[in-house]
1. Mind checking the stretch 172-228 for GluC sites (Glu not before Pro) that DSSP puts in a loop (not H, G, I, E or B) and that have at most 15 other Cβ atoms within 10 Å?
2. Within a 10 angstrom radius of the beta carbon, how do T280, T176 rank from fewest other beta carbons to most?
3. Considering only L50, L34, L227, give the residue with the highest GNM mean-square fluctuation for the chain, with springs between Cα atoms whenever their separation is below 10 Å.
4. For V88, what is the net charge nearby, where nearby means another residue's Cβ is under 10 Å from its Cβ and Lys, Arg count +1, Asp, Glu -1?
5. Which percent of the Cα-Cα distances in the chain go past 38 Å?
6. In whole Å, what three semi-axes, largest first, describe the equivalent ellipsoid of the stretch 140-222 built from its Cα gyration tensor (square root of 5 times each eigenvalue)?
7. Stretched out fully, how many nm does the piece from Q11 to T280 gain, at 0.36 nm a residue minus the Cα gap?
8. Can you tell me the FRET efficiency between D296 and R52 if r is taken as the Cβ-Cβ distance and R0 is 22 Å, rounded to the nearest 0.05?
Amino acid sequence: MPADEEERLAQPLERFARLHAETVRRSGRRLLDLSYPNPRVDRDTRAYDLLRGLVPLVPQQDLQYTPLGGGTIVRRRVASSLARRLGVPLGHRDVLLTPGATAALIVALTALFRPGDEVLIVTPCWMDYPLYLHRLGAKITLVPSGSDKRIPVERVAASIGPRTAGLILGQPACPTGVVHTAAELAMLADVLRAAAARFGRHAVLVSDEAHRDQVWGDAEFTSPMRLYPHTVSVYSFGKAWSLQGQRTGYLALSPSMCHHDDVAVRAERAMRSTGTCAPTALMQRLIPQIVDLEPDQGSLRRDQTRIRAELERLGYRIVAGQATAFVYIHCPDGIGDWEFATRLAGQNLLAMPSEVFHDAGHVRLALNVDAERFPEIGRRLLAAAPPPSP
């Protein structure tokens, strides 16, 4: 890749960060910031309450270094919980605790891929997958989904070649909130198996499950690990419980994946080489108390149902997601994502343009505010760019 490729990959978010900073300075109290997912609403405070209760009970000597990948007892609890949920016989050596899902991704990609390996990414996607892979010298192939933003199975099949070492998929997907069905994932697994038979190489499926516990619709979450043995799962406790700043997640290796033991060793080594350590000792004390809990999504379900109905009433087209706190909106006809985002900023409403997510023609809203502000969101959208008349 050219020397400026990292700059090209980093530029969209950096450009948005400048727009964000300018708008925050100018807007003051008028600001509605629906860009970065930093919620100002409390949905399920059980994890926070437990964390607050832990602080006075933990002696200082228990807040020392823990092993790379986290303490064995905590990893065993995570593996046991995940095994029950997925029906996959995971053990503690299959799980590495990390300071958040981003760290888990860095560790997983570093362990799995080598310079020259091709990695497919289904888009739209979380912003920094390509940036991480570029640092590893991987060949990046973006596989765009259709207008429904579901898995483009045929495009994936056409994109796989002899150098394809992996595929990254969000399940549920960020930024769209789409939850891929078990049938879709089974078709994808069949495509990957067929490619392995043809090229003699098992492509590893990296399943980004950071939003796994934010399914608010009627969809049923299925992890690809249940259907395809060469899978690595990434998860975030912080995202699930609105404790993102506490940076706690993990990566889990399917026990049946190819070269499992070598990958596990490389993953621990990657934690050293990248400077990515285990979560804080305090958060490792919290994990056993929340690992079997599922956050209550009742308030998120109500908010998603309400905001989607309101925006559709106004005439905006929305991707049919069923998870995450995001709403992925089609831009009005003739208006690009950056222009729409800039117009919204002019109305003191911040939303992320879809170029950040390697897509075009959309903006993403994060439901950071309570439902009382939703009518104002609609008014500002209309003031910025009304949708075409039906």
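What follows draws every value from the coordinates through simple rules; no lab data is involved. What you see is a predicted model, and the numbers here were worked out from it, not measured in a lab. Cβ atoms come from the backbone with ideal geometry, glycine included; neighbour counts cover every protein chain shown.
1. On the way: sites: E184, E209, E220; in loops: E209, E220.
Filter output for the stretch 172-228: E220.
2. Working: T280 15, T176 29.
Fewest to most other Cβ atoms nearby, the residues stand as T280, T176.
3. Comparing L50, L34, L227 in the GNM, the peak value goes to L50.
4. Working: positive: R84, R85, R226; negative: D94.
Summing Lys and Arg as +1 and Asp and Glu as -1 gives +2.
5. Numbers: 13954 of 75855 pairs.
More than 38 Å apart: 18 percent of the Cα pairs in the chain.
6. 24, 12, 12
7. Details: separation 269, 0.36 × 269 = 96.84 nm, distance 3.12 nm.
Gain on stretching Q11 to T280: 93.7 nm.
8. Values: r = 18 Å, r/R0 = 0.82.
My answer for the efficiency is 0.75.
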